[in-house]
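The values are calculated or read from the model by the stated rules, or taken from the named source; none is laboratory data. Predicted model only: the values in this text are computed from it and were never measured. Cβ placement follows ideal geometry from the backbone for every residue including glycine, while neighbour counts extend to all protein chains displayed. Note: areas computed on protein heavy atoms with side chains; ligands, DNA, RNA excluded. Shrake-Rupley method; radii C 1.70, N 1.55, O 1.52, S 1.80 Å.
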Amino acid sequence: VVLVDGKSVDDSVSVARQCRPDIKIVHQLGKGKGDALLAGFGACTGEIIVMIDGDGSTDGGEIIRFVGALVAGADFAKGSRFASGGGSDDITPGRRLGNRVLSGMVNLVFGTQYTDLCYGYNAFWARVLPALSLDCNGFEIETVMNIRAARATLRIQEVPSHERPRMHGESNLRVVADGWRILKVIVAEAFDSRRRRGRRSAAPEFEAGPAAIAGPAMAGAAEV
């Protein structure tokens, strides 16, 4: 178990060590949820990485569902509060509406069928982390992961999850400000996808032959 500590002042580290003496503590140097997750990913050594919030809102007992989806063939197991069997005791009407609108935009632009875009309970095989190419520091990290998993043509399986009220502390989420950041990320990823398609269509065509066949195959293997 890896705990990323963002300069907490509530004895999180000492309590975690009392509960699990073998826990690995990573002290976050930067700021933001995305930055914390990247620090945690860097400390993981297992074949499967599970993202889970430390405020008690996510149930660790559900991990078996996520791992089961991966073992059954998925590359990325995406938690959803709005899939059949999921739910939330914490989300506000404003956040629910914003999530629905943003999920609809991503589904329309990227051809996905996500029911929950902005949820932090996810799991994936460690080997696919390079394909996600994560490079953001804030709450938009989950949106970036979901979009890039789709763009990388990973096998994605939504897993129903129930979000409970947080046990301690207050959320740092700012509905309007962070919603705007997520919207800008969606637009940026959409334009990046168009640029990539444009470069591929503009690439010169090669005559069929052993070298032309082997080249794309090797490049595809490297990307996967």
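Among residues that are assigned to a loop (DSSP other than H, G, I, E, B), of a type in the set (Phe, Trp, Tyr) and touching a Lys or Arg at 6+ places or on another chain (Cβ under 6 Å), Phe139 is included.
Checking each residue in region 13-59 for being of a type in the set (A, V, I, L, M) and more than 19 Å from Ile141 (Cβ to Cβ) picks out Val13, Val15, Ala16, Ile23, Ile25. For Phe124, are the conditions met, namely being assigned to a loop (DSSP other than H, G, I, E, B), of a type in the set (Phe, Trp, Tyr) and at negative phi? No.
Determine if region 120-140 includes at least one residue that is within 15 Å of the chain's Cα centre (by Cα), open to solvent by less than 10 Å² (accessible area, probe 1.4 Å) and of a type in the set (Lys, Arg). The answer is no, given that none of the residues of region 120-140 is within 15 Å of the chain's Cα centre (by Cα), open to solvent by less than 10 Å² (accessible area, probe 1.4 Å) and of a type in the set (Lys, Arg). Only one of (1) open to solvent by less than 30 Å² (accessible area, probe 1.4 Å); (2) in contact (Cβ under 8 Å) with a residue 40 or more places away in the chain fails for Ala36. Which number is that? Status for Ala36: all satisfied but (2).
Restricting region 46-81 to residues that are free of Cβ contacts under 8 Å to residues at least 12 places away in the same chain and more than 20 Å from His168 (Cβ to Cβ), which is least open to solvent (accessible area, probe 1.4 Å)? Ranking the qualifying residues of region 46-81, first place goes to Gly68.
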